[in-house]
Structure formats: structure tokens, C-alpha cells
Amino acid sequence: MGVWIVAGAAFREAVRKKMVWMALVTGAAFLILFGLGMRFQTKSMARAPSLIRGQVPNALLMVGLYAVDLLTMVMTVLASSDALSGEIASGAIHAVATKPIRRSELLLGKWLGYVGMMSAYLAIMLGGVTVIAYAASGATALHLASGAALIWLESLLMLNVTLLCGTAFSTLTNGVIVLGLFGMAFLGGWVEQVGALTRSVHAVDVGVIASLIMPSESLWRRAAYDMQSPVVGALRLSPFSNASVPSHTMIGYAAVYLAVALALALRYFGQRDL
């Protein structure tokens, strides 16, 4: 019961933050821009060959989904970076930690609250991009359910790592560390893709090492592989090449990684002197 009480409070707290509302406003602006771009591009391709005319909207849809992935990850980190560290620094944590609620219940409650917040945001943005793309051009993502599940798993990964860092570092340091790891994984993923296209073994190794340190980009690239048209991937009409696709083993590694991050967060938070 304590977990659900804290989860409800954490969800309401997240919703009250101006940053979450600004994320929704900027997300709405993105959907409008995406819809206009998709509409104008579809009209301009009216006389193009049927093969290109059918695949370009799908490529644009993948770019839109990539933007949704980035927005969700950044929003998740920024919204939850002070979930623990901010309350510890201000002393507000004592108002809850001194009550008959175990620290594990407190952390898990906050975790559930933020999971609900980022899941709702992801559903709104993914649904918006998907509906707009279909209405404007008839383009649909293949295996949307599995792709959405992988993006959701990526957001869980970012949330768990943020909570883990929040048990030891200040809010600002926490955000810098987690976004830095996310940026490193982002760069490593692109290095791996380019290395696979140019047959550079060492470049691919760099990308693999980056994925082992932070597997967030691997989850997105696997989601992109599942959702994009095989023709788009083969013709390289989108920036997400099929040359280097994360394996199911890497996806399993990411799942274990996020579970371990949450377990460590529970352990360190339980032992920390508040």
C-alpha cells in the first residue's frame, strides 16, 4: 500500500512540474511541424516513381519516431533527476522517510509514479506521430507494438540509471552524468553503423563498447530495424541502416542492465545516511 501511495504522490508531483507541461507543449509543436512536413512532402512526391513515392513517407515516419525517442529520453531524465537527490538536498525526504514507510517502498513508489508519467508521454507522442503519418500519406510502421515496447524499455533504462545516480549525486551532477552516458551511447551507435557500412572492424568495436557501457542506443536501433520498411533500409532512405542491427542478446543485456540499476538504487538508497 505504501508503494502505491508514494507512486500516486510522485505522479502528481511530476505532473505539477512546469517542465512536464513544457514538454507537452513542445511535443505538440513537434507534432504540428511533423504533420506539415509529411503533408507537403507527400504532395511533392505525387509524380515520383511509385517505389520512391511509397517509401519516402515511411522514411520520414522513422525520423519522426526517432525524434519522439529523443524527446522521451530527455524528458524522463530531466523530470526524474531530482526525484531523490533534490529531496535529500532540501531535507524534504525526512517528512516521508521518518513515517512507517520503508525506504524501498519510497523509492519503488517514486519509480512507479515516473513510469506512469513517461509511459503516458510516450503513448501520446507515438500515437500522434503514427496517426499523423497515416492520415497524411498512408505510411505505417511495421511491427509498431514491438518497436514501441523497445522504446519503452529504453525509457525504463534511463529512469533506472537516473534514480541510481540520484542516490549518490546532486541533481545537476545526476543529470549531467546520465545525459552524458546517453550522448556517448548515441555517438557510439552512429560510429558502429558507419563502421559497418565502411567495413571498419575497429569502428564497430567502438560502438559495441559504447553499447555495453550504456545500451540505450542499441534499444532504439533495434526498434528502428523492427519498425522501418525493409526497402527503406535496403535503399538507405533513412539514417537507420540495416548494416549493424543489435541482436536479441544485446536486448537481453539491456533488460538485465536496467534491472541491476534499479536493484543497486534500492540498495544504496537503503544504506545512505539521509
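Conditions tested, residue by residue: (1) modelled with pLDDT under 90; (2) closer than 17 Å to Tyr257 by Cβ.
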| position | (1), (2) |
| --- | --- |
| Gly138 | yes, no |
| Glu154 | no, yes |
| Leu157 | no, yes |
| Leu164 | no, yes |
| Leu187 | no, no |
| Val194 | yes, no |
| Ser211 | no, yes |
| Leu219 | no, yes |
| Arg222 | no, yes |
> Pick from the stretch 231-250 the residues that are at pLDDT below 90 and touching a Pro at 6+ places or on another chain (Cβ under 9 Å): which of them is surrounded by the fewest Cβ atoms within 10 Å (Cβ to Cβ)?
Replying inline: Asn242
> Taking Gln228 and the conditions (1) crowded, with 23+ Cβ neighbours inside 10 Å; (2) at pLDDT 90 or above; (3) not charged (D, E, K, R), which numbered condition does it fall short on, given that it satisfies the others?
Replying inline: (2)
>> Quick check on the stretch 79-92. Is at least one of its residues at pLDDT below 75, among the acidic types (Asp, Glu) and crowded, with 18+ Cβ neighbours inside 10 Å?
In response: yes
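Per-residue answers, yes or no, for (1) surrounded by 14 or more Cβ atoms within 10 Å (Cβ to Cβ); (2) at negative phi; (3) of a type in the set (Val, Ile, Thr):
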position	(1), (2), (3)
Ser155	yes, yes, no
Ser170	yes, yes, no
Gly180	no, yes, no
Ser218	yes, yes, no
Ala223	yes, yes, no
Gly252	no, yes, no
Val256	no, yes, yes
> Pairs under 7 Å by beta carbon, first residue within 18 Å of Met75 (Cα to Cα) in the stretch 182-195, partner surrounded by fewer than 21 Cβ atoms within 10 Å (Cβ to Cβ) and at pLDDT 90 or above, six or more apart or different chains?
Replying inline: Met184/Ile213
> Among the candidates Val129, Val74, which residue alone is buried (at least 20 other Cβ atoms within 10 Å of the Cβ) and at pLDDT 90 or above?
Replying inline: Val129
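The values are calculated or read from the model by the stated rules, or taken from the named source; none is laboratory data. As the structure is a computational prediction, the values presented were derived from the model and not from experiment. Positions of Cβ are backbone-derived with ideal geometry, glycine not excepted, and every protein chain shown enters the neighbour counts.
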